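In what follows, a structure is listed as structure tokens, so that the remarks can point back to it.
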Amino acid sequence: MPEFELSIRGVTRRVRVEAGEGGRYQVTLDDRTCEVEARRTGMHAISMLFDERSVDARVARDGDRRFVAVDGHTCTVTLPERSAGAAAGGGAVGDGRITTPMPGKVVAVKVAAGDSVAEGDTLVIVEAMKMEHDLRAPFDGKVAAVHCQEGAAVQFGDVVAEVAPTEG
Amino acid sequence: MPEFELSIRGVTRRVRVEAGEGGRYQVTLDDRTCEVEARRTGMHAISMLFDERSVDARVARDGDRRFVAVDGHTCTVTLPERSAGAAAGGGAVGDGRITTPMPGKVVAVKVAAGDSVAEGDTLVIVEAMKMEHDLRAPFDGKVAAVHCQEGAAVQFGDVVAEVAPTEG
Amino acid sequence: MIRKVLVANRGEIAVRILRACREMGIATVAVYSEPDRDSLPVRLADEAVCVGPAPALESYLRIDAILDAARSTGADAIHPGYGFLSENAEFAERCAEAGIRFVGPKPEVMRSMGLKVEARDIARAAGVPLVPGSAGAIAEADAIREEALRIGLPVLIKASAGGGGKGMRVVREEKDLVGAAEAARREAQAAFGNPAVFVEKFVERPRHVEIQVLADEHGNAVHLGERECSIQRRHQKILEETPSPVVSPEMRERMGTAALDLVHKVGYTSAGTVEFLVDADGSFYFLEMNTRIQVEHPISEAVTGVDLVQWQLRIANGEKLTLRQEDLTPRGHAIECRIYAEDPANGFLPSPGRVVHAFEPNGPGIRHDSALWSGLQVTPDYDPILSKIVVHAEDRERAIAKMRAVLAETVVFGVETPIRFLFDVLAHPSFVSGDTTTDFIDRHMKDWTPGGADELPDAVWIAAALDRVLRGGESGSAAAGEGASGELPEPWETIGRFEIGGR
Amino acid sequence: MIRKVLVANRGEIAVRILRACREMGIATVAVYSEPDRDSLPVRLADEAVCVGPAPALESYLRIDAILDAARSTGADAIHPGYGFLSENAEFAERCAEAGIRFVGPKPEVMRSMGLKVEARDIARAAGVPLVPGSAGAIAEADAIREEALRIGLPVLIKASAGGGGKGMRVVREEKDLVGAAEAARREAQAAFGNPAVFVEKFVERPRHVEIQVLADEHGNAVHLGERECSIQRRHQKILEETPSPVVSPEMRERMGTAALDLVHKVGYTSAGTVEFLVDADGSFYFLEMNTRIQVEHPISEAVTGVDLVQWQLRIANGEKLTLRQEDLTPRGHAIECRIYAEDPANGFLPSPGRVVHAFEPNGPGIRHDSALWSGLQVTPDYDPILSKIVVHAEDRERAIAKMRAVLAETVVFGVETPIRFLFDVLAHPSFVSGDTTTDFIDRHMKDWTPGGADELPDAVWIAAALDRVLRGGESGSAAAGEGASGELPEPWETIGRFEIGGR
């Protein structure tokens, strides 16, 4: 019987689904079980009845990412055992690696390896959809490396520079 | 290279499709050939460019029936080598077989085998969606057989009665 | 305060009401028959209760089952929509007994107006002009015949309870009287549980023009102008518009005043419609009053900016009407096209089946009141309405153009619909000139067909060929008999595959 | 008579214009960049011409390529939409030279109004009040600094050409002046090909209220009331409404009169918008005039019943304005929500990617101006607007409720959107009370997140689990690494499979 983990917004829960008669399913979420009558009403829709309560869910899949929307809550769902890396968001990370928060183009590189920088200094400027976005130093330190150049295309999550904290 | 026949509204045409580069196709309809750049933009949509002319077609399939809609023309398409029987519409047929033009329920049988009937006489009344529909004798004659009874459910195209023409 | 509404209906009107409730913060309950399990109302509602199998008499017309559903879900009001129990005074009474608000007028008013004979008496007393007709409901075929001959042929035989073209027959020749009366009685019995019919003079080439009213429980009432509903097949409306091409502001005021006279006379509350026949010289005759929301209510909403269904709920809640008659002048022009599962090239016979794919375009001035979805199984058990397209534009010419553009984009595959037929109606010179009488379809569109294959653009053939190729599967013409295996499956096919059991 | 219009734009506004043309019986040409081949405008148009690769400078901004496309297709008019070449006077002149009607005002008027400095001078001459600002466009960073200090911080640095928040910076501290000026100049150059900027006093907590006007070539002009556009992020509007909660009929008349004074002063023709800042005491200051259709034009259409885009085309055709000012009183209340591919929980950063699935609900008072389709690839090359939801209801409270209901039903999977964010904006007590100033988002929504997983209804988890199971494929948790093979494929996956070659 299908049993697996689902992750939404950083929380992972274990689910078990047991199929019964006539489109009925026993769904166990962590340790609470409920009975659902469920029908796929389209490629992207599931209609669920919990006794009399009716819930219309929209669903889709894109590789390892799955999507669910219920009553205005739109969520990305992953099956954790499958999602490797690439899960963390963009922006400046605590370890000093500066990653792009969006795909786009590097329009300016303000620093070179070895430069001293203060927290909040702009290191690289990325542009997408005509909006510029400054990637800034997360703390005081030295630029350990620059991994991009002006005019280069970057993808979501690319490391464009690294900053090492000032010692002491 | 794909070559087959298509039937729409009783007309059959022979088509040949030759795939080229970059979504381009040579389509030969009877003996005229045109070049089309075509993309499937969804399960039910094909976008076609003939040089600069743009045509958005909606398409679907249901078993042997295919559907196409272009600029407000909605058509059912069959591949003739596959469509067997069942193609003819309902109503009274020339051979005296009375078929139902729609699924529904028999609400009245007005005749019995052996009865004489005049053209236009009501033989059977079928109801669907709360509307009654009279099935009438196509010509003067005798009722050769009645194949239904009051209260029975009927499908599209069922033969509910047969009329034999009056001799002479 | 109404907190939870049970919608005792199905299809597009149930969707319409559920959305209104949702916007008002009212919880909702759908009831459904077994084949309607997957329908949009069930999916849109907060709760859904099955009330029986497919036949309406065993589900949507079962008063006990519907009241049980309301009780079990704690619904404190029931909206009946149109058709089904919407004009059933007994149902309204049973709701009241159960302590559940019925969204509509008081039962005694429904009863008076629902029985056409009594309605005519009241209209007469209110000074509203009438078409000559039988003095009372008639249940015997012989009596129907006698009355018809007294009034003079042609006559119209109509079900005394209900409306919407069911149990209605025009008779022009004496020999057809008994058969027609029988059929009308049978249909009336099946549709409304009451075989009594009513005979009236058939006015040749009339227009059907109706006035929308809203009245609260505090004695306030307004009218929202007229709807021209003359384009009918089988005595059922298929295209409506407002304003009517023949109603001047002055005539609108006279008709509106007549309708409000009737409203005040009977103490009508909620939304209602007073139907009139209008003859060639602009005289109008009271036909009947519909004590419920109408299929075509959206066109009045479009030109007045008023939400009639929300007002029905607000009035049921005891609220006062805050609309002022002087603010309800129609702005622009609205047209509704009803999309039925029926075949306009074959006598508008119902066309049940599976909707393999449907597409409804968006955009300015376009509204769809729809229960359509790709995969919908249209069963022969109910009125085959799928959706209504409503357009609103600055004037009649532009509304017609907009509707034609919308119809050209709208797609329904798998069942026949009048989409192309309506497209052609809207292009007909008589329609364009506003010459819309109730015999329009019989006169101008009788032999309509969608046109032969020769008239189709080549793009239709090319698209069909490319779809065949782009779906994959084997491609040669020798593949006969192999079925469609290997081709790109339709979603509803893959749905079917995965529907039963989850491993 | 205009017979064929080329739409020099993309996305939802191109769809909007194409539909208007279609309704008017005007043939249409779409132009597109390579990645937009599959876009809705290309599919809706009668003809489509590729004008270059993804970067706008090499496609949608290429005047020569667009004029060539017009010539090769025989288009006799060009509608520029908003953005791109819509406020480029040179383009309008080039159209005129080529004998092609430009749907917009005369080039010299565009030039005057497009240059903010000149526009301010004209407004001053027309007696319209102004916010203090620099006397001219400035191209040097040092001069910008000097001027800013003269006016007094905080100041706003804005691109002299163009608008829409691009090349715009608020500066509160002297030390940020040079960096901000540089960035603004760079963005202005990239977006409009002109680095000149303009400095003006930054009014604290203002409202942004604009007046829509329509003027013909015969000296007739009307205004269509105001739009309240104060809900902005990154100085770009995201939610607009009309009427404004603070504009009384009397103030509407004063603002409308000021706007029309400007229209008559410059000989403006076509649709245009006069933008004002409104401060806490209700004083209003001229900000700029947009000489094109605006993103938010639909809300004015909703409350006036006027089709602005059709009027642009009719005016370009030389028709006389038949609208009368007294008929344009707003009826009801309208709200627009812009659905961008951007992440409201992450500084509204663009969120390119593939729209895996999209759903837009239908119903009364709901309009979608949309270029969304399931499979749309949102590229980082353009403004990330996907669609606009417009609702119209009897009053503000009901319009808010309706918009919340629509947002709750609208689904976009695959890219981030502000749908939930906007849902929460509409529920905020300050929004509900009408306290909408341009700093609304910074003040009330700064730390907005969609909420943690703990706040989600269990139905979300259950639906995710059932989808996993109903899609088939292997089911145990041991399947890691096997990918999604065996599961029900998404349409865009099967599309991908069959796209290349047809066997």
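Of all the numbered requirements in (1) facing another protein chain (nearest Cβ under 7 Å); (2) in contact (Cβ under 8 Å) with a residue 24 or more places away in the chain, D:Pro364 misses one, and that requirement is (2).
Consider C:Ser374 carefully, then state whether it is within 12 Å of chain B (Cβ to nearest Cβ) and either assigned to a strand (DSSP E or B) or under 20 Å from C:Pro35 (Cβ atoms) (or both). Taking the combined requirement at face value, the residue satisfies it. For region D:32-44, the criterion of being within 13 Å of chain B (Cβ to nearest Cβ), closer than 24 Å to C:Ala399 by Cα and without any contact (Cβ under 8 Å) to a residue 40 or more places away in the chain is met by at least one residue. Contact annotation: residue pairs with Cβ atoms under 9 Å, 6 or more positions apart or on different chains, pairing a residue in region B:21-43 that is more than 13 Å from chain D (Cβ to nearest Cβ) with a partner that is of a type in the set (Phe, Trp, Tyr), are B:Leu29/C:Trp461; B:Cys34/B:Phe50; B:Glu35/B:Tyr25; B:Glu35/B:Phe50.
For region A:133-157, the tally of residues that are crowded, with 20+ Cβ neighbours inside 10 Å, within 14 Å of chain D (Cβ to nearest Cβ) and out of contact with any Leu (no Cβ under 8 Å at 6 or more places or on another chain) stands at 1.
Specify which of the listed residues (A:Val59, A:Val15) is at pLDDT 90 or above and surrounded by fewer than 23 Cβ atoms within 10 Å (Cβ to Cβ).
Residue meeting the stated conditions: A:Val15.
The helices (runs of 4 or more DSSP H) found wholly in region C:102-176 and carrying at least 3 residues that are within 22 Å of C:Arg234 (Cα to Cα) occupy C:141-151. Evaluated against (1) assigned to a strand (DSSP E or B); (2) more than 7 Å from chain D (Cβ to nearest Cβ); (3) surrounded by fewer than 21 Cβ atoms within 10 Å (Cβ to Cβ), A:Glu5 falls short on exactly one condition, (2).
With respect to D:Thr379, determine if the residue is buried (at least 24 other Cβ atoms within 10 Å of the Cβ) and within 30 Å of D:Ser39 (Cβ to Cβ). Taking the combined requirement at face value, the residue does not satisfy it. The lone criterion from (1) in the same structural domain as C:Asn194 (by TED's automatic domain parsing); (2) under 30 Å from C:Arg71 (Cα atoms); (3) hydrophobic (A, V, I, L, M, F, W, C) left unmet by C:Ala139 is number (2).
Evaluate region C:59-70: report whether one residue or more is assigned to a loop (DSSP other than H, G, I, E, B) and over 22 Å from the mean Cα position of the chain (by Cα).
So far as region C:59-70 goes, no, none of its residues is assigned to a loop (DSSP other than H, G, I, E, B) and over 22 Å from the mean Cα position of the chain (by Cα).
Based on what the data block shows, is C:Val263 in contact (Cβ under 8 Å) with a residue 60 or more places away in the chain and β-branched (Val, Ile, Thr)? Judged against the criteria, C:Val263 is not a match. Going by the conditions given, is D:Ile462 facing chain A (nearest Cβ under 9 Å) and at pLDDT 95 or above? So D:Ile462 passes the test. Can you tell me which of D:Ala463, D:Ala408 is part of a helix (DSSP H, G or I) and either surrounded by fewer than 20 Cβ atoms within 10 Å (Cβ to Cβ) or at positive phi (or both)? When all the criteria are applied, what remains is D:Ala408.
Of the residues making up region D:193-212, those that are surrounded by 21 or more Cβ atoms within 10 Å (Cβ to Cβ) and either part of a strand (DSSP E or B) or within 18 Å of the chain's Cα centre (by Cα) (or both) are D:Val197, D:Phe198, D:Val199, D:Glu200, D:Arg207, D:His208, D:Val209, D:Glu210, D:Ile211, D:Gln212. Put simply, of C:Pro107, C:Pro129, C:Pro80 the only residue that is under 28 Å from the mean Cα position of the chain (by Cα) and closer than 24 Å to C:Thr438 by Cα is C:Pro129. Residue check: is D:Gly486 over 23 Å from the mean Cα position of the chain (by Cα), closer than 30 Å to B:Val15 by Cβ, at pLDDT below 95 and of a type in the set (Gly, Ala, Ser)? Spelling it out, it is not the case that D:Gly486 is over 23 Å from the mean Cα position of the chain (by Cα), closer than 30 Å to B:Val15 by Cβ, at pLDDT below 95 and of a type in the set (Gly, Ala, Ser).
Among D:Pro361, D:Pro298, D:Pro350, D:Pro330, which is the only one that is more than 28 Å from D:His264 (Cα to Cα), touching a strand residue (DSSP E or B) at 6+ places or on another chain (Cβ under 8 Å) and not aromatic (Phe, Trp, Tyr)?
Being more than 28 Å from D:His264 (Cα to Cα), touching a strand residue (DSSP E or B) at 6+ places or on another chain (Cβ under 8 Å) and not aromatic (Phe, Trp, Tyr) holds for just one of D:Pro361, D:Pro298, D:Pro350, D:Pro330, which is D:Pro350.
Based on what the data block shows, is D:Ser86 out of contact with any helix residue (DSSP H, G or I) (no Cβ under 6 Å at 6 or more places or on another chain), hydroxyl-bearing (Ser, Thr, Tyr) and farther than 30 Å from D:Val155 by Cβ? Spelling it out, it is not the case that D:Ser86 is out of contact with any helix residue (DSSP H, G or I) (no Cβ under 6 Å at 6 or more places or on another chain), hydroxyl-bearing (Ser, Thr, Tyr) and farther than 30 Å from D:Val155 by Cβ. Return the residue satisfying two criteria in turn: it lies in region C:288-328 and is free of Cβ contacts under 8 Å to residues at least 60 places away in the same chain and in a loop (DSSP other than H, G, I, E, B), and of such residues it is nearest to the other protein chains (Cβ to nearest Cβ). Checking each candidate, the answer is C:Gly305. Exactly one residue among A:Arg13, A:Arg58 is in a strand (DSSP E or B) and more than 24 Å from C:Leu40 (Cα to Cα), and that residue is A:Arg13.
Residues in region C:415-448 that are in a loop (DSSP other than H, G, I, E, B), at pLDDT 95 or above and either closer than 27 Å to C:Val378 by Cβ or facing chain B (nearest Cβ under 9 Å) (or both): how many? Summing the residues that are in a loop (DSSP other than H, G, I, E, B), at pLDDT 95 or above and either closer than 27 Å to C:Val378 by Cβ or facing chain B (nearest Cβ under 9 Å) (or both) in region C:415-448 gives 6.
One residue alone among D:Val303, D:Val278 is of a type outside the set (Ser, Thr, Tyr) and either more than 22 Å from D:Ser370 (Cα to Cα) or surrounded by fewer than 22 Cβ atoms within 10 Å (Cβ to Cβ) (or both), and that residue is D:Val278. Exactly one residue among B:Pro80, B:Pro101 is surrounded by fewer than 20 Cβ atoms within 10 Å (Cβ to Cβ) and at pLDDT below 85, and that residue is B:Pro80. Taking the conditions exactly as written (within 14 Å of chain A (Cβ to nearest Cβ), in a helix (DSSP H, G or I) and touching a strand residue (DSSP E or B) at 6+ places or on another chain (Cβ under 7 Å)), does D:Ala183 satisfy them or not? Yes; evaluated as a whole, the condition is true for this residue.
The values are calculated or read from the model by the stated rules, or taken from the named source; none is laboratory data. Model, not experiment: these values are computed from the prediction. Using ideal geometry, Cβ is built from the backbone for each residue, glycine included, and neighbour counts are taken over all protein chains shown.
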